[in-house]
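Enquirer: I have a structure here, written as structure tokens, and I will follow up with some questions on it.
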Amino acid sequence: MTVFSLVIINKAGGLIYNRTFHEGGLNKISTNDYLVLAGTFHGVHAITARLNPVKSAPERPLSNSIPGVPGGILTRPEPPSGLEVLESENFRLQCFNTLTGVKFLLFTDTTQTNVDVIIRRIYDLYSDYVMKNPFYQLEMPIRCDMFDRKLLSYIREVNNR
Amino acid sequence: MVIYSFYIFDRHTECIYSKTWLPPPPAPGAQPQHDISTSTTGAAVASSDPHHHNPNTLRSSRSAVSAANKASDDAKLIFGTVFSLRNMVRKLGGEDDAFISYRTAQYKLHYYETASNLRFVMLTDTGTLSMRNVMHQIYINLWCEYVVKNPLAPVEHKGGAGVRNELFELGLNQFITGLIGQAGGQR
């Protein structure tokens, strides 16, 4: 069970963070290729949300809920989500899309479990050590020492489990 | 287990076969009335239709046209997606790595590519396990038997020529219904 690397993509599809934790899991690709990968993934993610074959019944809750529904709150169907997990023969990619549109991509080996827990924890670290850093500019590459340190020690703990 | 749709793409990136098992869209009566605006395709269909006074036939024929357009758009989007993801996987995982599937909250897409760059794509619900062997079976038992070994089928299936034959359709339908029946029995 190994976590290979983490990629963070901002809401415009730009690469803002990229770190490899375990050598040999994935091929080494240049930063330029990572930028291309981030942009491609951003586009593919939007398409995968649109490809949803399951159509929710249109307008039904609206017409039913008007008379006699306590509270009268209309239920809105969940918006279609994009790609969440990608599997290949050599690795597994989990994508966590935050409400603000930031994407966390975690590359792990195929047997890694509890990836959603790990990715939430990384989001916590991001909120604590990136978003609360007064010198961090939104949408720009993340260069925060504290975040780096906390992330590395957390992933080391996960990889040694 | 629910199977939504199945696509085959040839090595020229063209969609040569597609089949959906989706429920039909909601009845035309349930649709809002504001879509009776004239459009060129709708008018052409209506004038060739003897019952063109009935707005229902006009609307249903137009929705058939738009459904066909949507299906071909979907096929193109699906090809673009699997093509990008396959290249991404190959770049990260090495040349021998293969893209298997991805899952969203609503559906799961399975991918299988043969050595001759024939690509099989299947959309199912999220709980379905790997369908790779299923698509491999379709390739061996249906594609090779009924399309490749068919002396009348062309080498290149331009526009789906030679794929949509009776035996292939029948075999595929039987195979998929058998699969779903089996899964239902186990549950």
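The values are calculated or read from the model by the stated rules, or taken from the named source; none is laboratory data. Everything quoted here is computed from the prediction, not taken from an experiment. Reconstructed Cβ throughout: ideal geometry from the backbone, glycine too, with neighbour counts over all protein chains shown. Heavy atoms of the whole protein, side chains included, go into the accessibility calculation; ligands, DNA and RNA do not. Shrake-Rupley method; radii C 1.70, N 1.55, O 1.52, S 1.80 Å.
Enquirer: Out of B:93, B:162, I need the residue that is touching a Leu at 6+ places or on another chain (Cβ under 9 Å), of a type outside the set (A, V, I, L, M) and within 15 Å of residue B:18 (Cα to Cα). Which one?
Expert: B:162
Enquirer: Failed condition for residue A:65, given (1) at pLDDT 90 or above; (2) out of contact with any helix residue (DSSP H, G or I) (no Cβ under 6 Å at 6 or more places or on another chain); (3) away from every other protein chain (no Cβ under 14 Å); (4) open to solvent by less than 60 Å² (accessible area, probe 1.4 Å), with all others met?
Expert: Every condition holds for residue A:65 apart from (1).
Enquirer: Of all residues in segment A:14-57, how many are assigned to a helix (DSSP H, G or I) and either more than 7 Å from chain B (Cβ to nearest Cβ) or not hydroxyl-bearing (Ser, Thr, Tyr) (or both)?
Expert: Total satisfying the criteria: 18.
Enquirer: Condition first: over 21 Å from residue B:10 (Cα atoms), free of Cβ contacts under 8 Å to residues at least 60 places away in the same chain, of a type outside the set (Asp, Glu) and within 12 Å of chain A (Cβ to nearest Cβ). Can you find one or more residues in segment B:172-181 that meet it?
Expert: no
Enquirer: Checking residue B:173 against (1) farther than 14 Å from residue B:17 by Cα; (2) open to solvent by 40 Å² or more (accessible area, probe 1.4 Å), which test does it fail?
Expert: (1)
Enquirer: I'd like to check something: does segment B:129-145 contain any residue that is out of contact with any Cys (no Cβ under 6 Å at 6 or more places or on another chain), modelled with pLDDT of 90 or more and facing chain A (nearest Cβ under 9 Å)?
Expert: Yes: segment B:129-145 contains one or more residues that are out of contact with any Cys (no Cβ under 6 Å at 6 or more places or on another chain), modelled with pLDDT of 90 or more and facing chain A (nearest Cβ under 9 Å).
Enquirer: Before we move on, is residue B:66 open to solvent by 60 Å² or more (accessible area, probe 1.4 Å) and either within 7 Å of chain A (Cβ to nearest Cβ) or not β-branched (Val, Ile, Thr) (or both)?
Expert: Judged against the criteria, residue B:66 is a match.
Enquirer: Please pick out the residue among B:152, B:92, B:170, B:129 that is within 18 Å of the chain's Cα centre (by Cα) and of a type in the set (A, V, I, L, M).
Expert: So the residue among B:152, B:92, B:170, B:129 that is within 18 Å of the chain's Cα centre (by Cα) and of a type in the set (A, V, I, L, M) is B:170.
Enquirer: Look at residue A:85 and say whether it is away from chain B (no Cβ under 13 Å), modelled with pLDDT of 95 or more and surrounded by fewer than 19 Cβ atoms within 10 Å (Cβ to Cβ). If you could, list the steps in order and put the result at the bottom.
Expert: Details: away from chain B (no Cβ under 13 Å): no; modelled with pLDDT of 95 or more: yes; surrounded by fewer than 19 Cβ atoms within 10 Å (Cβ to Cβ): yes.
No, not satisfied.
Enquirer: Tell me, yes or no, whether segment B:116-126 has at least one residue that is within 20 Å of residue B:17 (Cα to Cα), open to solvent by 20 Å² or more (accessible area, probe 1.4 Å) and not in a helix (DSSP H, G or I).
Expert: Filtering segment B:116-126 down to residues within 20 Å of residue B:17 (Cα to Cα) leaves B:116-124.
Filter again for open to solvent by 20 Å² or more (accessible area, probe 1.4 Å), leaving B:116-117.
From what's left, not in a helix (DSSP H, G or I): B:116-117.
Yes: segment B:116-126 contains one or more residues that are within 20 Å of residue B:17 (Cα to Cα), open to solvent by 20 Å² or more (accessible area, probe 1.4 Å) and not in a helix (DSSP H, G or I).
Enquirer: Quick check on my filter: what residues within segment B:85-118 are facing chain A (nearest Cβ under 7 Å), under 25 Å from residue A:55 (Cβ atoms) and without any contact (Cβ under 8 Å) to a residue 60 or more places away in the chain?
Expert: Passing the criteria: B:85, B:101, B:102, B:103, B:104, B:105, B:106.
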